[in-house]
Amino acid sequence: MAEKTHADVIIVAREGAASDDDYDEILHRHSHLKVIEIFDDGRHALLHELRRHRIPLGEMSPPRLVDVIRNSVGSVARAHS
């Protein structure tokens, strides 16, 4: 239905929170789409989105490149814990 209506946001009501990958397929197919998931009888909600972003890194040198790689991997690991 989201595809037919060109929706920007989908609202889903569930009994409990979804796992992280429950909306992967639709978000990867429609990267602009956002899914608002409402659960626990409307008391809680999560926003799921897939978004691209850029971060200017400034002047680059071999040590700076290593730092950037370490920090980017560390931030992803922290986001998943």
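Taking only Cα atoms, what is the 0 to 90° angle, nearest 10, from helix 62-79's long axis to the longest principal axis of the chain?
20 degrees
Using the Karplus equation 6.51 cos²θ - 1.76 cosθ + 1.60 (θ = phi - 60°), what ³J(HN,Hα) coupling, rounded to whole Hz, does each residue of the stretch 42-48 give in order, writing x for Gly and Pro?
Karplus-based 3J(HN,Hα) across the stretch 42-48 equals x, 7, 9, 8, 10, 10, 10 Hz.
For the stretch 22-32, just list the computed ³J(HN,Hα) in residue order, Karplus coefficients 6.51, -1.76 and 1.60, θ = phi - 60°, integers in Hz, with x standing in for Gly and Pro.
Karplus values, whole Hz, x for Gly and Pro: 4, 10, 4, 4, 5, 5, 6, 6, 9, 4, 7.
Express as a percent, rounded to the nearest 5, the fraction of DSSP beta bridges in the stretch 2-79 (both residues included) that run antiparallel.
Details: 6 of 11 bridges.
DSSP beta bridges in the stretch 2-79 are roughly 55 percent antiparallel.
Hey, could you pull the Cα Rg and Dmax for the chain, both in Å?
Final numbers for Rg and Dmax: 17.3, 53 Å.
Please give me, ordered by residue number, the trypsin sites (Lys or Arg not before Pro) of the stretch 20-73 that lie in loop per DSSP and have at most 13 other Cβ atoms within 10 Å.
Those satisfying the criteria are Arg43, Arg51, Arg52, Arg54.
Starting from the 7 Å offset along Cα-to-Cβ, what nm value, one decimal, do you get for the label separation of Asp40 and Ser72?
Those two pseudo-labels are separated by 3.5 nm.
Compute a Gaussian network model of the chain, connecting alpha carbons closer than 10 Å, and tell me which residue from His53, His44, His28 fluctuates the most.
Its mean-square fluctuation being the largest, the pick is His53.
No lab work stands behind these numbers, since they all come straight from the coordinates. None of these values were measured; they are calculated from a predicted model. Reconstructed Cβ throughout: ideal geometry from the backbone, glycine too, with neighbour counts over all protein chains shown.
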